[in-house]
Amino acid sequence: MLYTPIKFRNVEVKNRWVMSPMCMYSCENGLANDFHFVHYGSRAQGGTGLLMVEATGVEPQGRITNKCIGIWNDEQVDQLKKIVDFVHTHSESKIGIQLAHAGRKGSTWNNQQISLEEGWETLAPSPIPYHPSERIPHVLTTDEVKQQVQNFKEAAKRAVKAGFDIIEIHGAHGYLIHQFLSPLSNIRTDEYGGSFENRIRFLVDIVDAVNEELGANTALFVRISGTEYAENGWNIEDSVQLAKVLKEHSVDLVDVSSGGNIHGAKISVFNGYQVPFSSQVRNEAEVKTGAVGLITTPDQAEEILQKGEADLIFVAREILRNPYIAVQGAFEMKEECFFPHQYSRAKISS
């Protein structure tokens, strides 16, 4: 199954390998540069079915660090379009972008909050910092929440202009959307807080707004944290319930990660440790899912697909180590996978 195509709207991904979105902290003023061109282009040359561009700020305050990438102006779109055009011209890969807002986890460097002089005032649903030593974030008013929805919508419009095949909304890892989802970081009393339905409203509003900018040729994913590993916090049952709602709102795939919202949460990490969350969401909500989390070999990826635990395999650290994991896996499995014709003398015949 690893080398079979899969379709989302009119977007056909040639195989199930996905380069997971990973921050590179290598931008000035949110602009992609030559590093990003080589970074993403090399994975396309390695046969990866889908490349996901790292968490991309929908506004300057939406970045994690002041070296993170953004998509709040046209100059950023132009730089991203160069990468998209290269991928489309010189590979069979599809390329997506993860739209994000860091919320209270922004204005940092090396996981430490930086000063207001070097950074910015962070935003959150409630006056609760990620770590007690950090500044109290600015609490978004109801009108400001609605403006953030508009920021995601405008970012999606720019992403379509840049030519991306897939847009992923980042609702995981303790960033702004996740902060709204969790009852531990959201203690609001307006329409965006309290009940499950109110806490998911921000994300659902974003999904609906983004979908207004998309047609049949651009698919929509959402990344969530399956659990935040905290008592009375967001859990896998919530994720299943959310996934059912997202399916009703035309989300094509739920990318299931975990954690990130509660400082000091105890997480047992091992190969494939997040796959059970993907499996439960996929099978109970009856939605397509992506699995991520220390997936390191083609055999492991194939087993996940064969067992019906996911539809796509998101690979992070391993694809940093080996940009050619997809094509090398195809050699081992005697399957077909894109390999640049310029490199044909190195191709291992099946």
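A few comments on the model shown:
- Neighbours by Cβ (under 7 Å, 6+ apart or cross-chain): first from the stretch 61-89, under 15 Å from ALA159 (Cα atoms); second among the acidic types (Asp, Glu): ILE69/GLU54; TRP72/GLU59
Here is a yes/no grid of residues against (1) in contact (Cβ under 8 Å) with a residue 40 or more places away in the chain; (2) charged (D, E, K, R); (3) open to solvent by 30 Å² or more (accessible area, probe 1.4 Å):
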position	(1), (2), (3)
ILE224	yes, no, no
ASN235	no, no, yes
LEU253	yes, no, no
ILE262	yes, no, yes
PHE270	no, no, yes
VAL275	no, no, no
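- Answer from GLY308, GLY259, GLY290, GLY264 - the residue that is more than 20 Å from the chain's Cα centre (by Cα) and modelled with pLDDT of 95 or more: GLY308
- Which numbered condition MET52 fails, given (1) touching a residue at least 24 places away in the same chain (Cβ under 8 Å); (2) over 28 Å from GLU309 (Cα atoms): (2)
- Condition broken by ASN33, with the remaining ones in (1) open to solvent by 10 Å² or more (accessible area, probe 1.4 Å); (2) in contact with a Phe, Trp or Tyr (Cβ under 8 Å, 6 or more places away or on another chain); (3) within 25 Å of GLN342 (Cβ to Cβ) satisfied: (2)
- When residues of the stretch 237-251 are limited to those that are closer than 20 Å to GLY193 by Cβ and of a type in the set (S, T, N, Q), the one least open to solvent (accessible area, probe 1.4 Å): SER239
- Filtered residues of the stretch 47-94 (kept if open to solvent by less than 10 Å² (accessible area, probe 1.4 Å), closer than 20 Å to HIS173 by Cα, not in a loop (DSSP other than H, G, I, E, B) and not charged (D, E, K, R)): LEU51, MET52, VAL53, THR56, GLY57, GLY62, GLY70
- Each residue in the stretch 322-350 was checked for being in a helix (DSSP H, G or I) and either open to solvent by 70 Å² or more (accessible area, probe 1.4 Å) or small (Gly, Ala, Ser) (or both), and 11 of them qualify.
- Among the numbered conditions (1) open to solvent by 20 Å² or more (accessible area, probe 1.4 Å); (2) within 30 Å of HIS90 (Cα to Cα); (3) assigned to a helix (DSSP H, G or I), the only one that GLN280 does not meet is (2).
The values are calculated or read from the model by the stated rules, or taken from the named source; none is laboratory data. The shown structure was predicted, so the numbers you read here are calculated from the model rather than taken from an experiment. Note that each Cβ is placed from the backbone with ideal geometry, even for glycine, and that neighbours are counted across all protein chains shown. Calculation scope for accessible area: heavy atoms of the full protein, side chains included, ligands and nucleic acids excluded. Shrake-Rupley method; radii C 1.70, N 1.55, O 1.52, S 1.80 Å.
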